[in-house]
1. Filtering region 243-256 down to residues that are surrounded by 20 or more Cβ atoms within 10 Å (Cβ to Cβ) and assigned to a strand (DSSP E or B), which residue is farthest from the chain's Cα centre (by Cα)?
2. I'd like the full set of residues that are part of a loop (DSSP other than H, G, I, E, B), touching a strand residue (DSSP E or B) at 6+ places or on another chain (Cβ under 8 Å) and buried (at least 17 other Cβ atoms within 10 Å of the Cβ), limited to region 298-323.
3. If I filter region 114-129 for residues that are of a type in the set (Asp, Glu) and within 25 Å of Thr231 (Cβ to Cβ), do I get at least one hit?
4. Could you please give the count of residues in region 257-297 that are among the small types (Gly, Ala, Ser) and part of a strand (DSSP E or B)?
5. Does any residue in region 172-194 that is among the aliphatic types (A, V, I, L, M) come within less than 9 Å, Cβ to Cβ, of a residue that is exposed (fewer than 15 other Cβ atoms within 10 Å of the Cβ) and not in a strand (DSSP E or B) six or more places away or on a different chain, and which pairs are these?
6. Given the conditions (1) surrounded by fewer than 24 Cβ atoms within 10 Å (Cβ to Cβ); (2) among the aliphatic types (A, V, I, L, M); (3) out of contact with any helix residue (DSSP H, G or I) (no Cβ under 7 Å at 6 or more places or on another chain), which single one is not true for Ala119?
7. Show the residue pairs that are 6+ apart or on different chains and have beta-carbon atoms under 7 Å apart, the first residue being within region 50-65 and assigned to a loop (DSSP other than H, G, I, E, B), the second being of a type in the set (Gly, Ala, Ser) and surrounded by fewer than 24 Cβ atoms within 10 Å (Cβ to Cβ).
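The values are calculated or read from the model by the stated rules, or taken from the named source; none is laboratory data. As the structure is a computational prediction, the values presented were derived from the model and not from experiment. FYI the Cβ positions are ideal-geometry reconstructions off the backbone, even for glycines, and counts take in every protein chain you see.
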Amino acid sequence: MPLTRAARALALASALLMFSTAATFANGIGSAYVADTGGSELTIIDVESLAAVDVIQTDATPMGLAIPSDGKYIYAAERDPGKLLIISRNDYSTAGSVGVGKAPVSVSLSPDNKLAFVANSGSNDVTVVDTGTMSVLKTVKAGAQPSATALLPDGQTLLVANAGAGTVSFIDLNSGKDLGDVVAERGPSAILLDASGRTAYVADKDGNAVSVIDTASRTLTATIAVGVGPTALAASPDGKTLYTANSGSNDVSLVDIASRRLISHIPVGQGPAGLAWNKTRTLLLVTNSGDNTLSFLNVASASVTQTIKLGQQPTSVAVAYAEPVPGQTANGQTGVTVGAGGSQTVVTQLPKTGQGGPHPDFAIAGLAIAAAAAFGAGLWRARAAASA
């Protein structure tokens, strides 16, 4: 049964009040962001306190998210009307937007953060964006319904998972030509490269498996059965374990990479859709689009330690591993930032979002916190009077 706005606000108030003495505006290292596809917003997560602290309103439908290694921006592929939205992490204002193809569903970045690759499932192509100038460099053809991308270490070959074709394309970015396709299982939806870039793991949503591809020979080397409907992938810091979010079986599968064998399944929420590590790589964040929650999966105990409510239909999740550079705008020039005070506590003033101000749930939560604080102060005064 879905929570009412008031109930959701009270839940938020409880979480915020618990951490009010130490909580600050979550735009530092370890902050997480969730694309709430059904609510046209991004939820900001304070991973330290395991709480949702605010939302960023968007003007369209956010799908895939990516954050560069320097932590400056949030890149959001917005399905309607088809653009790449760029949000400054200094103050969560819109730094820019770039028109792309039809129905973009994911975005990935080059290791140097200079290029963004947007998979457009509606136009069967990939838009290559120059992140410095915020402009389109080129558009390359892909297979049917491209869903995910990954750049090989050579900096020239882009892997594209084509959900509609059941293939993974190897595209030469210089010429724009398809170098050849590898047939995967049905519905490839996510790609993860190993540290060397020599092996690609592909989540096959409709095949209930992970395809293992040798990127040098462009051949399928193994197929690993996992849960039902894998949609996202993550690897352990030591590179020994692969994790898949399985939207159909409501769990996360653990796969031993060396033996390429399934280890176990860990139950999470309904319809898990996205995966991301916290900054210490001890918690795996799992978005559950079926019940609008976020699960915190402790990998050491192989269990969910906490689950929190989110907005409508959460899908992609991204974590910032670096702090934004204060006083910089999208083009790197010095500018004025607004709202994101590093010492600002949540209990005294809720931070403003980039567009439209605080989410109504957080405004109600703020009132609940204030009422709780006032009640506590009154109770303290009554006890003091009685003791006098």
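1. Across region 243-256, the extreme among qualifying residues is Val255.
2. Val299, Leu310, Gly311, Gln313, Ala320
3. First, pick out the residues of region 114-129 that are of a type in the set (Asp, Glu): 125.
Keeping just the survivors that are within 25 Å of Thr231 (Cβ to Cβ) gives 125.
There is at least one residue in region 114-129 that is of a type in the set (Asp, Glu) and within 25 Å of Thr231 (Cβ to Cβ).
4. Selection size over region 257-297: 5.
5. Between residues of region 172-194 that are among the aliphatic types (A, V, I, L, M) and residues that are exposed (fewer than 15 other Cβ atoms within 10 Å of the Cβ) and not in a strand (DSSP E or B), the close pairs are Leu173/Gly155; Leu173/Gln156; Leu193/Pro153.
6. (1)
7. Close Cβ pairs (under 7 Å, with a partner that is of a type in the set (Gly, Ala, Ser) and surrounded by fewer than 24 Cβ atoms within 10 Å (Cβ to Cβ)) amount to Thr58/Ser40; Ala60/Ser40; Thr61/Ser40.
For (1) surrounded by fewer than 23 Cβ atoms within 10 Å (Cβ to Cβ); (2) over 20 Å from the mean Cα position of the chain (by Cα), each residue gets a yes or a no:
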| position | (1), (2) |
| --- | --- |
| Thr223 | yes, yes |
| Thr231 | no, no |
| Arg261 | yes, yes |
| Gln270 | yes, no |
